[in-house]
Amino acid sequence: MKTIIILGSTGSIGTNTLDIVQRFPGEFRVAGLTAGNNIDKLEEQIRAFTPRVVAVSQEAAAVTLRQRCTGLPVEIVSGEAGIAQVASLPEAELVISAIVGAAGLVPTLTAIRSGKHIALANKEPMVMAGKLMQEEAHKHGVRIFPVDSEHSAIFQSLEGHRLEDVRRLILTASGGALWTVAKEELQHVTPERALKHPNWKMGSKITIDSATLMNKGLEVVEARWLFDIPESRIEVMVHRESIIHSLVEYEDRSMIAQLGLPDMRTPISYAMRYPERLPLDLPSLDLTAIGTLSFCKPDHDRFPCLNLGYESLRTGGTMPATMNAANEIAVDAFLNGGIRFIEIAEVIRQTMDAHTPKAVSSLEDALEADRWAREKAESLVHALPR
Ligand SMILES: NC(=O)c1ccc[n+]([C@@H]2O[C@H](COP(=O)([O-])OP(=O)(O)OC[C@H]3O[C@@H](n4cnc5c(N)ncnc54)[C@H](OP(=O)(O)O)[C@@H]3O)[C@@H](O)[C@H]2O)c1
């Protein structure tokens with residue numbers, strides 16, 4: 001039995017993870033859960049999975065949750081210290097990192113420094129401080145298993161092969177909700193429309209990232225650090241059907257890919273039980289029913305965010321953290337009706353242009369760049385004409 005902790009248990013990845021736990025009784029024990037403030041879902045999860053410690057962001061939410069859980073054998077804590085306490089519970093060996101955004105950096109790093117293996121869905125910390133996270137993982141004998149479907153596909157396609165034989169990594173992109181929308185029309189896209197992803201059901205932030213293609217920009221940075229390969233050998237290909245989850249090309253021009261229906265439970269369960277494969281009771285992929293798969297190049301004119309990901313890597317240092325923070329502010333502003341869809345890329349671009357990058361030698365360097373970029377992006381959002 002593997003003892004696990006889920007950071008971000010109330011989200012899309014968190015609930016899919018708990019679905020796997022429920023489907024395989026006897027395989028996993030849940031020691032700790034964390035969430036932002038969704039105490040209704042967290043209470044259900046406490047009753048169903050009996051974690052020993054649970055953390056929420058705000059003490060006010062913890063107070064209510066404690067009242068609701070009176071008599072249950074659970075400790076409820078709050079704030080950054082509470083989330084760090086859960087991330088480092090001594091009895092757990094694996095942490096599913098599924099908080100959204102930069103908020104996951106400190107808890108994920110805390111888990112690494114406590115010697116826990118990581119199933120990494122929360123890509124933003126890898127973008128902010130990928131080199132540091134890998135160094136810390138190495139120092140503490142920790143493995144980081146990718147959960148992102150593209151990176152899981154690459155991880156699986158690399159198995160049994162030599163890294164020095166790899167020529168290119170090819171990340172596939174669905175193109176998101178707006179791939180077929182004309183440039184002029186992108187000006188008027190509403191959040192509701194951008195949130196209609198054709199293939200995946202995910203949290204709102206990553207769904208907007210998919211629509212802008214920033215998700216792929218973040219994933220290029222994530223792949224650079226997960227697989228220790230320069231960005232010049234990481235490519236992106238649009239594949240609308242989300243069946244081929246990514247590919248590796250080797251020096252002999254063989255390509256190895258991983259295929260499957262778009263369901264996050266496959267990559268999550270692989271990261272949770274590596275190297276075993278759990279017998280998931282999901283529909284099989286029937287390629288004869290699909291018939292045709294399509295591929296094309298990304299459109300950088302309509303979706304400039306992908307190139308910002310490459311650019312941030314080429315600049316290096318704190319630039320990826322800056323890009324990530326500006327994106328979080330811009331996406332939030334778009335979702336709240338504060339800016340237009342096309343202005344997301346503009347806010348990120350201008351924040352990056354204003355940034356003077358420095359090396360990320362410590363956690364504080366990444367956090368400082370994050371703080372600076374949030375402030376800058378906020379001011380750009382407010383300066384935009386309504
Ligand atoms: N969803 C997918 O299929 C998918 C696929 C690949 C990668 N990912 C990555 O996985 C991560 C999670 O994505 P998601 O779609 O599951 O997001 P989500 O549905 O929005 O869930 C986010 C989780 O993080 C918690 N959270 C949010 N802000 C927090 C904060 N400041 N402090 C502590 N906890 C906080 C949320 O708690 P509340 O519910 O209380 O707000 C929730 O549990 C993202 O980095 C995303 O890019 C997701």
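The values are calculated or read from the model by the stated rules, or taken from the named source; none is laboratory data. Predicted model, so just to flag it, every value in this text is computed and none were measured. Note: ideal-geometry Cβ built from the backbone for every residue, glycine included; neighbour counts use all protein chains shown. Remember, those area values only see protein heavy atoms, side chains included, never the ligands or the DNA or RNA. Shrake-Rupley method; radii C 1.70, N 1.55, O 1.52, S 1.80 Å.
A few comments on the model shown:
- Remark: region 2-146 is approximated by an ellipsoid whose semi-axes, taken from the C-alpha gyration tensor as √(5λ), come to 24, 16, 13 Å, largest first.
- Antiparallel DSSP beta bridges within the chain, as percent of all bridges there, nearest 5: 25 percent
- With R₀ fixed at 56 Å, the C-beta to C-beta distance from residue 364 to residue 288 puts the FRET efficiency at about 0.55.
- Net length available on complete extension from residue 168 to residue 40 is 41.6 nm, with 0.36 nm assigned per residue and the Cα-Cα distance removed.
- Residue of 54, 100, 63 that the Gaussian network model of the chain assigns the largest fluctuation, springs spanning Cα pairs under 10 Å: 63
- Per-residue ellipticity at 222 nm, computed for the chain from helices alone with -39500 (n - 2.57) per DSSP H run of at least four residues, works out to -14500 deg cm²/dmol.
- Separation of the residue 201 and residue 143 label points, Cα + 7 Å toward Cβ, nm: 3.1 nm
- If the segment from residue 335 to residue 93 were pulled out straight at 0.36 nm per residue, it would be longer than the present Cα-Cα gap by 83.5 nm.
- Summing Cβ point charges (Lys, Arg +1; Asp, Glu -1) relative to the Cα centre of region 2-146 gives a dipole of roughly 240 debye.
- Taking the chain as a Gaussian network of alpha-carbon nodes connected by springs under 10 Å, the highest mean-square fluctuation of the residues 141, 71, 14 belongs to 71.
- Loop-located GluC sites (Glu not before Pro) in region 123-155 (DSSP state not H, G, I, E or B) with no more than 11 neighbouring Cβ atoms inside 10 Å do not occur.
- Accessible area of region 228-336 belonging to carbon and sulfur atoms, whole % at 1.4 Å probe: 50 percent
- Cα gyration tensor of the chain - equivalent ellipsoid semi-axes, whole Å, descending: 30, 26, 21
- Under 23 Å, Cα to Cα: Lys pairs in the chain, sequence gap 8 or more or different chains: 29
- Using a cutoff of 8 angstrom between alpha carbon atoms and counting only pairs six or more residues apart, the relative contact order for region 2-146 works out to 23 percent.
- Between residue 278 and residue 19, the modelled label-to-label distance comes to 1.1 nm, taking each label 7 Å out from Cα in the direction of the beta carbon.
- Cβ-placed point charges (K, R +1; D, E -1), dipole of the chain about Cα centre in debye, nearest 20: 380 debye
- Sorted largest first by accessible area at a 1.4 angstrom probe radius, with every protein chain in place, the residues 356, 108 fall in the order 356, 108.
- Listed residue (54, 334, 254) projecting farthest to the positive dipole end of the chain, Cβ model: 54
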